[in-house]
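Please see the structure below; I have some questions.
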Amino acid sequence: MTKVAAAQKKEKSAAKAQLMREKRELEHMRLRYLAAEEKKVITADRKELDELKNELNQLVLLLPLLLLVILVLFLVLPWRHFE
């Protein structure tokens, strides 16, 4: 093998190694981007779940009042019908 051929082979090998490093770095960047996007989705989903939980809690707090109103209406309205 001549010096020129050996130099070309070494250069080709170095270029291939550089390309592999760049591919690994690009894949790492892609995975970091995907993880960041997933984190945004999870944060938005968690916020939506918290809002739904708060709405349910408010409805649960109103339930006794609603039942009382229904009971009063049930007890009072039939008597008014006979007056």
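Roughly how tilted is helix 3-82, in degrees to the nearest 10 and between 0 and 90, from the longest Cα axis of the chain?
0 degrees
To continue, here is another question. Can you compute the charge dipole magnitude of the chain about its Cα centre, using +1 on each Lys and Arg Cβ and -1 on each Asp and Glu Cβ, nothing else charged? Give it in debye, rounded to the nearest 20.
Once rounded to the nearest 20, the dipole reads 1280 debye.
Let me ask something additional. Please list, by residue number, every one of the GluC sites (Glu not before Pro) in segment 1-71 that is coil in DSSP and has at most 10 other beta-carbon atoms within 10 Å.
none
Another one. Using only helices, what value at 222 nm comes out for the chain when you add -39,500 (n - 2.57) per DSSP H run of length 4 or more and divide by the total residues, to the nearest 500 deg cm²/dmol?
Calculated at 222 nm, the ellipticity per residue is -37000 deg cm²/dmol.
Now a separate question. Please go through segment 1-80 and write out the chymotrypsin sites (Phe, Trp or Tyr not before Pro) that DSSP classes as loop and that have at most 13 other C-beta atoms within 10 Å.
In loop regions of segment 1-80 (DSSP not H, G, I, E or B), there are no sparsely surrounded chymotrypsin sites (Phe, Trp or Tyr not before Pro).
Quick one: grab the alpha carbon gyration tensor of the chain, order the square roots of its eigenvalues as a ≥ b ≥ c, and give me rounded if a/c is under 1.5, else prolate or oblate depending on whether a/b is larger than b/c.
It is prolate, given that a/c is not under 1.5 and a/b is the larger ratio.
Then there's this: Lysines near Lys12 by alpha-carbon distance under 30 Å, same-chain residues fewer than 8 away left out - which ones?
Hits, sequence-local ones excluded: Lys3, Lys23.
Compare the Cα positions of Gln18, Val72, Gln58 along the charge dipole of the chain (+1 at Cβ of Lys, Arg; -1 at Cβ of Asp, Glu; about the Cα centre) and return the one farthest towards the positive end.
Towards the positive end, the residue furthest out is Gln18.
On a straight-distance basis, which lysines could pair with Lys47 in a cross-link, Cα separation under 18 angstrom, same-chain partners fewer than 8 positions away excluded?
In chain and number order, the partners are Lys39.
A short reminder: the numbers here are calculations on the coordinates, not readings from a lab. Treat the numbers as computed from the prediction; the structure is a model and nothing was measured. Because the Cβ atoms are built from the backbone with ideal geometry, glycine has one as well, and the counts that use them run over all protein chains shown.
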